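A quick write-up on the structure given underneath.
The values are calculated or read from the model by the stated rules, or taken from the named source; none is laboratory data. These numbers come from a predicted model, not from an experiment. Virtual Cβ from ideal backbone geometry, glycine too; neighbours counted across all protein chains shown. Ligands, DNA and RNA are stripped out before the accessible areas are found, and what is left, the full protein with its side chains, is counted by its heavy atoms. Shrake-Rupley method; radii C 1.70, N 1.55, O 1.52, S 1.80 Å.
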Amino acid sequence: KAGVTQTPRYLIKTRGQQVTLSCSPISGHRSVSWYQQTPGQGLQFLFEYFSETQRNKGNFPGRFSGRQFSNSRSEMNVSTLELGDSALYLCASSMGPSGRAYNEQFFGPGTRLTVL
Amino acid sequence: DQQVKQNSPSLSVQEGRISILNCDYTNSMFDYFLWYKKYPAEGPTFLISISSIKDKNEDGRFTVFLNKSAKHLSLHIVPSQPGDSAVYFCAASRSGGSQGNLIFGKGTKLSVKP
């Protein structure tokens, strides 16, 4: 069974630009969550989608947005990039919102975004 | 305010000995706890979990202990192996409901020396 895939793996952008990251969950998983990992803050929750609906959102500015498609694939978008947005962006999938299986999330390898 | 804390940024252990990684949480609504292991340039890998109805869960060399009254959990690895060297993240969540996101600690870097 293929794992969670994320594209691209590495990205370099400049301040003010926007970026779109993609995540394909494990087949059969309907929930996708996004996390930002930085050395100082660790792993921080961005948002979660289930059946194309955003179910939960972390404490990030509106420049960070996402969506989920009918095949459960998800994208996240960051507009007007800032230097502080440089981070590893991780996508995780799980089966769905029911108890334990929901919470055991499987992570992709991440997209390393560098903002210059 | 950090809801999940891993107060030791790093830990060094000799091969064959026990590794004990600790985690504290503040939110009493958390009822499901997980440990993830992360190698450089890879995403976190699920290791072991525990529900708040239990105080211990064991899987091979890995055991997680939960002390609800102290809001503390720990991961024991015995015997430790060099391949266990990685960053370990503790995470907490509320199972079911609408809170599906995981709250992570900042991680503890474990080094197992041969």
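Annotations for the structure displayed:
- Of all the residues in the stretch B:27-44, those that are over 10 Å from the mean Cα position of the chain (by Cα), surrounded by 14 or more Cβ atoms within 10 Å (Cβ to Cβ) and among the hydroxyl-bearing types (Ser, Thr, Tyr) number 1.
- Looking across the stretch B:68-96 at every residue that is open to solvent by 60 Å² or more (accessible area, probe 1.4 Å) and farther than 30 Å from residue B:16 by Cβ, the one that is modelled with the lowest pLDDT is identified as B:94.
- If you go through the stretch B:11-20 and keep only what is assigned to a strand (DSSP E or B) and closer than 21 Å to residue B:65 by Cβ, you end up with B:11, B:13, B:19, B:20.
- Top-ranked residue in the stretch A:83-96 [being among the hydroxyl-bearing types (Ser, Thr, Tyr) and at pLDDT 95 or above; ranked as most open to solvent (accessible area, probe 1.4 Å)]: A:86
- The one condition from (1) out of contact with any Cys (no Cβ under 9 Å at 6 or more places or on another chain); (2) within 14 Å of chain A (Cβ to nearest Cβ) that residue B:105 does not meet is (1).
- For the stretch A:30-82, a residue qualifies if it is away from every other protein chain (no Cβ under 14 Å), of a type in the set (Ser, Thr, Tyr), without any contact (Cβ under 8 Å) to a residue 60 or more places away in the chain and open to solvent by 60 Å² or more (accessible area, probe 1.4 Å), and exactly one does: A:70.
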